[in-house]
Structures are given as C-alpha cells and as structure tokens.
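Engineer: Provided herewith is a single structure, encoded as structure tokens, for subsequent inquiry.
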Amino acid sequence: MPEKLIFEKSVAGRRGATFPTEALQGFSIDQVLPKKFQRQIPLPLPEVSENELMRHYTRLSHENYGVDTGFYPLGSCTMKYNPKINEDVARFPGFAQIHPLQPIETVQGALQLLYHLEKILAEIAGMARVSLQPVAGAQGELVGMLITRAYHQQQGRQRKKVIIPDSAHGTNPASAALAGHTIQTVHSNADGLIDVDDLAKVVDEETAAFMLTNPNTLGLFEREIEKIVRIVHDAGALMYLDGANLNALLGLTRPGDMGFDIVHFNLHKTFSTPHGGGGPGAGPVGVAERLVPYLPSPTIEKKGEEYFLDERRPQSIGRIHGFHGNFGILVRAYTYISRLGASGLSAISRNAIINANYLRKQLEGSYPVPFNRPCMHEFVLSAKKFREKGVHAWDIAKRLIDYGFYPPTVNFPLVIEEALMIETPESEPREVLDAFAEAMKSIRKEIDDDPSRLTGAPHTRPVGRMDEVQAAKRLDVNYQKK
Ligand SMILES: *Cc1c(COP(=O)(O)O)cnc(C)c1O
C-alpha cells in the first residue's frame, strides 16, 4: 500500500502540538501571546497527532534510495559513499556558525582552509590557480568559457567558435552558448575516441577553445591527447577539460601535464560531497598561469601570516556567486582529501578503474559492450539488440529497481543507441559488484524468457512505471482538496 498523503490522514480537531487554554502562571493567554498575533482564521493544515506525523515521514524516508542504502551505478555521476566525518567537520561551530560579512580577522581559519583547498586542487590538476566560487559543474564550465572569451579579447581578437565532441555532456554546449560562443561538433571515430583528422579540419583561426572530457563519457582515455592538444594550441585556441569526473585520474595523471589550460572539478562527484536533488554542489575552476588574471574575484591571498580577499583584479571576469561559493561543501571536500593524502587519492582511482573493468568483464557475456576495451572509471553497454523483443535500455533500468539497485544512466552518451552507462566508484566492495552482475544476468534471462517482466517494471515499489514526460512537464505537487 502506498503511503497516503498527510492531508488524507487529516481528522478535524486532531492535534500534534497543544497549548494550554487557561492562564499560565498568573498570565492570561492574551498576555502571553498578544491578541494581534493570534490567528483569526485557522491555517488549512493537515490535522494529525505528533506520532502519526513522525511515522508518516519516517516511513516516507524509508522509500528513499541513496548511497547510504545501496549501490548507485549512475554513470557520469560518481555516486560514491560520502564519509560521515565530512559531515562532522562541516558542523564544527567555527565553520558552521560564521558569517561571510564578519570582519576578515575573525574568519582567518575559514580562509586558511579555502587557501589550502585551492592549493591542493591546483596540485591535483596541475594548474596554477583555482577559483572555488562556482557552485556546480555547469557553472564552472560557464566560468571557463567566460575566461576563454576574456582571454581572446585581451589578445585583441574575437573568437567565437567552441568545438565539442558528440559524446560530450549536454552542459558543455549549453555553457559555451551561454557565454556567447557558437558550437561546432567533432565526431568520435570507430574506437569511440576523438577523430583527430576531423578535429584538424574543424580547428581554425575562429576557434576559441576545445572542450574535452577525458576519460570521455564512454569511460575511455583519449590516447592521442598530446596530438589533440598540439592541433588546438597551434591554432591559438585553449584546451578546456570537463573534469566533472576525476575519479580515474587522481594521482595517476594531471590535466595540466596533458596540456589543458582550464579544468573544472565537481567536488560533489570526485570528492565525496553529497549530491542529487539539485545541490548544493561545488564546481571549482583551475587555470594555467596565463589565465590567472581572468579568474573570478575575489581571490584568497596570504600576506605574512594573514589571509585576505583580493578584489582589485582589473582583468577578472568578476564575481560569479555570492561570497565564496558553497563553503560547507568546500569544508567537506577538504576533510575528505585531508584524511586520504596523496597515496589515498591515487588508490581511489586505481580501485575505481579495477571495479569498472571487473564489472565490465562480468557483464560482457550478457550485454553488448560497443567499445569493449579496458576502460577507466565507467563503461557503457548497449541494449539496442533487445529492441526486437520490445525491450529498451529504460526497461532494464526500471527492472533493476525490483532487484534493489539504483538504475544506471540511460540513453547517454548519445553516440551509443540504447546506452546503459555504468559507473563503479571505489567505495563498492567486490560482493556488491557481484550481486549487481547477478541481477543484470538474471534480467538478461528475463529478456529471453519473459520480456513483460521488464516492460512493466518496477513491480515491487509503491508506484509502478511513471509517465516521466508528464512528470517533467506538468509537475504538480500542490494538494487540492477534492
Ligand atoms: C555531472 C557532469 C557535468 C555537470 O555538473 P553539474 O554539477 O551537474 O552542473 C558536466 N560534465 C560531466 C561530464 C558531468 O558528468
């Protein structure tokens, strides 16, 4: 039975909180709460007792799926476990109860943390400086594109064109367009990598930047990255790395060493700060030395033993977010990195890569893997051949819910039809990967024996298959009494 709405449980006159109606310690009710503050017309709230209220929301909370309840193989999202020590540290009063408008000398510890976090991220990415202000990956991309524009303008040229691979995340073209660029697509080759010849043809003196994801969204490392960088730099354009998912690169290689000029990080993916449900997140942006003047203002600087904010940066693209971004998220990422250290960080990437390849090998006998080679932190299956049975990638994803797993990303990247994109964070042990593989194999048998098990899924949840188009376009969460 699905849980009823709290409004449907309402019984007129039932109360969750009570107040005495008689005088209190010699004071009349009107003295305790002056008449003008007393409500004349009752609010149209549900009327339930406190324990009904508690049970209702506790039961609803058990319907949630999250990294604290199970494996979350959502590709390109890095749904890793978020260590609880991050939460403890973010709640330290010295972090949680300060205000960004406090005098600078009273928040030296907070600035020190930000200063150190910037240094650490710059070291991880091989960049000169990092801005912690952007609060999402997409906002980091926008910052990178605004920096690109400012850089070319400073060189006295108008370069409008940004090249983006056909396998890119949808935010890439959106961010480039928002910053006033036009988009040119470059195609993937038969190996699922950038077609370098195609790239050489589209790069010209109009090109402002090439936005690349490496490893790409198929989980494959661009083997010809040095050649790609040379082509782009020879044309006077910049190399932008979409570093939303650095889970395969930490401590193994650095975007700066590959020749990238700009990179954004998603702290809410790689660095274990919580995400989902729209935020809050953090999408810091790192740049090479020659782009440092354009970074958002203010930057955090140190003079002697004192930290301060530098607002006097004439070439800066300006402020991109209130204050210093999502400070609480930055504290969590700093905590995460601090307890791992350099060797712990590279162990993350090694284990994420091993996990992905282990699972890919387990599944390759049951599902086609279009680019079936050693991958990085994720890999992509295709459900195209099951179309003749009336089964789509979507149906496999929904059926997994019945097996107790969150579905993988579906129908992305666009270069693979009926894509199922599976990411295996380092935080999942072998037993969990085995259980997931068993579920996928069992679903494969169902496709052969009884595809209706899939097309009607999920069968075990309070609600079955939802109309996702209606849910996205005509979402209505307003309760109207019938
Ligand atoms: C998640 C992701 C983004 C966007 O990040 P948001 O924080 O959701 O804005 C961009 N690129 C890639 C490759 C991603 O996986």
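Engineer: Kyte-Doolittle cut-off -1.0, length cut-off 20 Å along the helix's own axis using Cα: show which whole DSSP H helices in the chain pass.
Structural biologist: Values: long enough: 108-125 (26 Å, 0.59); 137-154 (25 Å, -0.17); 327-363 (40 Å, 0.34); 430-449 (28 Å, -0.57).
For the chain, where a helix must reach 20 Å along its axis and average at least -1.0, the hits are 108-125, 137-154, 327-363, 430-449.
Engineer: Also, quick follow-up: Calculate the length of the line joining the C-alpha centroid of segment 13-50 to that of segment 326-395, in whole Å.
Structural biologist: Cα centres, segment 13-50 to segment 326-395: 55 Å.
Engineer: Based on other C-beta atoms within 10 Å, arrange 106, 409, 21 from fewest to most.
Structural biologist: Ordered from fewest to most neighbouring Cβ atoms within 10 Å, 106, 409, 21 come out as 21, 106, 409.
Engineer: Contour minus end-to-end for residue 32 and residue 226, with contour as 0.36 nm per residue of separation and end-to-end as the Cα-Cα distance? Intermediate values should be presented prior to the final figure.
Structural biologist: On the way: separation 194, 0.36 × 194 = 69.84 nm, distance 7.47 nm.
Residue separation times 0.36 nm, minus the Cα-Cα distance, leaves 62.4 nm.
Engineer: Then there's this: Could I have the simple spin-label model distance between residue 435 and residue 479, label points 7 Å from Cα toward Cβ, reported in nm to one decimal?
Structural biologist: Between residue 435 and residue 479, the label points sit 3.5 nm apart.
Engineer: Per the helix-only calculation at 222 nm, which mean residue ellipticity applies to the chain, given -39500 (n - 2.57) for every DSSP H run of n ≥ 4 and division by its residues, nearest 500 deg cm²/dmol?
Structural biologist: Numbers: 16 runs with 174 residues, N = 482.
Mean residue ellipticity, 222 nm, calculated: -11000 deg cm²/dmol.
Engineer: Across bins of 10 angstrom width beginning at 0, how are the C-alpha pair distances of segment 84-339 distributed, in whole percent?
Structural biologist: The distribution over segment 84-339 is 7, 32, 35, 19, 6, 1, given as percents.
Engineer: When we measure straight from the Cα of residue 445, which aspartates and glutamates land under 19 angstrom away, once same-chain ones fewer than 8 places off are left out?
Structural biologist: 364, 388, 395, 402, 418, 434
Engineer: If Lys and Arg each add +1 and Asp and Glu each add -1, what is the summed charge of the other residues whose beta carbon sits under 15 Å from the beta carbon of residue 302? Please report the intermediate quantities before stating the final value.
Structural biologist: Details: positive: 119, 129, 303; negative: 105, 118, 301, 305, 306, 310.
For residues surrounding residue 302, the net value is -3.
Engineer: Can you tell me the alpha carbon radius of gyration of the chain divided by the globular rule-of-thumb value 2.2 N^0.38 Å?
Structural biologist: On the way: Rg = 26.1 Å, N = 482, 2.2 N^0.38 = 23.0 Å.
Compared with the compact-globule rule of thumb, the chain sits at 1.13.
Engineer: I need the Debye-formula profile for segment 6-63: one equal scatterer per C-alpha, no solvent, reported as log10 I(q)/I(0) at q = 0.13, 0.24 1/Å, two decimals.
Structural biologist: After summing over all Cα pairs, the log10 values are -0.50, -0.99.
Engineer: Still on this structure, I have one more. On a full-extension model of 0.36 nm per residue, what is the gain between residue 18 and residue 452, subtracting their alpha-carbon distance, rounded to one decimal in nm? Don't skip to the end; give the middle numbers.
Structural biologist: Working: separation 434, 0.36 × 434 = 156.24 nm, distance 5.23 nm.
The residue 18-residue 452 span can extend by a further 151.0 nm.
Engineer: Beyond 20 Å, what percent of the Cα pairs of segment 98-200 remain? Kindly include the intermediate steps, with their values, before the conclusion.
Structural biologist: Details: 3077 of 5253 pairs.
Of the Cα pairs, 59 percent sit more than 20 Å apart.
Engineer: Still on this structure, please answer the following. Using the count of nearby Cβ atoms within 10 Å as a rough guide to exposure, how do 358, 72 rank from fewest to most? Each step should come with its number before you reach the end.
Structural biologist: Working: 358 15, 72 23.
Placing the least packed residue first, the sequence is 358, 72.
Engineer: When the expected Rg is taken as 2.2 N^0.38 Å, what fraction or multiple of it is the alpha-carbon Rg of segment 83-149?
Structural biologist: Values: Rg = 14.5 Å, N = 67, 2.2 N^0.38 = 10.9 Å.
Taking N as the residue count of segment 83-149, the ratio is 1.33.
Engineer: Taking the mean number of other Cβ atoms within 10 Å as a proxy for protection, how do you rank 412-419, 12-19 from highest to lowest? Could the numbers behind the result be given before it?
Structural biologist: Values: 412-419: 19.6, 12-19: 8.9.
Taking the mean over residues of other Cβ atoms within 10 Å, the ranking is 412-419, 12-19.
Engineer: From the P(r) of segment 166-303, could you give the percentage of C-alpha pairs in the tail past 18 Å? If you can, show how the numbers build up before the last one.
Structural biologist: Numbers: 5568 of 9453 pairs.
Here the long-distance tail beyond 18 Å is 59 percent of all Cα pairs in segment 166-303.
Engineer: Return an integer: the convex hull volume of the alpha-carbon atoms of segment 236-365, in Å³ per residue.
Structural biologist: Details: hull volume 22.0 nm³, N = 130.
Once divided by residue count, the hull of segment 236-365 is 169 Å³.
Engineer: Right, something else. Ranked by Cβ crowding within 10 angstrom, fewest neighbours first, how are 334, 81 ordered?
Structural biologist: 81, 334
Engineer: For a distance above 17 Å, tell me the whole-number percent of Cα pairs in segment 350-482 that qualify. Write down the numbers at each step before the final one.
Structural biologist: On the way: 5388 of 8778 pairs.
So the pairs more than 17 Å apart make up 61 percent of the total in segment 350-482.
Engineer: Turning to a different aspect of this structure: Any of 80/398; 80/160; 201/361; 227/441; 80/161 with alpha carbons more than 31 Å apart? Name them for me.
Structural biologist: Violating the 31 Å limit, Cα to Cα: 80/160; 201/361; 227/441; 80/161.
Engineer: Identify the residues of segment 297-331 with backbone N under 13 Å of a label point that sits 7 angstrom from the Cα of residue 338 along the Cα-to-Cβ direction, or state none.
Structural biologist: Within reach of a label on residue 338: 330-331.
Engineer: What percent of all Cα-Cα pairs in segment 367-442 falls in each 10 Å bin, counting up from 0?
Structural biologist: That works out to 18, 53, 27, 2, in percent per bin.
Engineer: Another one. For a label point 7 Å from the Cα of residue 198 along Cα→C-beta, name the residues of segment 400-440 whose backbone N is under 11 Å from it.
Structural biologist: Counting backbone N atoms under 11 Å from the label point, the list is 415.
Engineer: So, in nm, how far is label residue 306 from label residue 467 when the simple model puts each one 7 Å beyond its Cα toward the Cβ?
Structural biologist: Each label point lies 7 Å from its Cα, and together they span 6.4 nm.
Rule-based calculations on the coordinates, nothing more; no lab input. Small disclaimer: the values here were computed from a predicted structure and weren't measured. Neighbour counts are summed over all protein chains in view; Cβ atoms, including those assigned to glycine, are modelled from backbone coordinates with ideal geometry.
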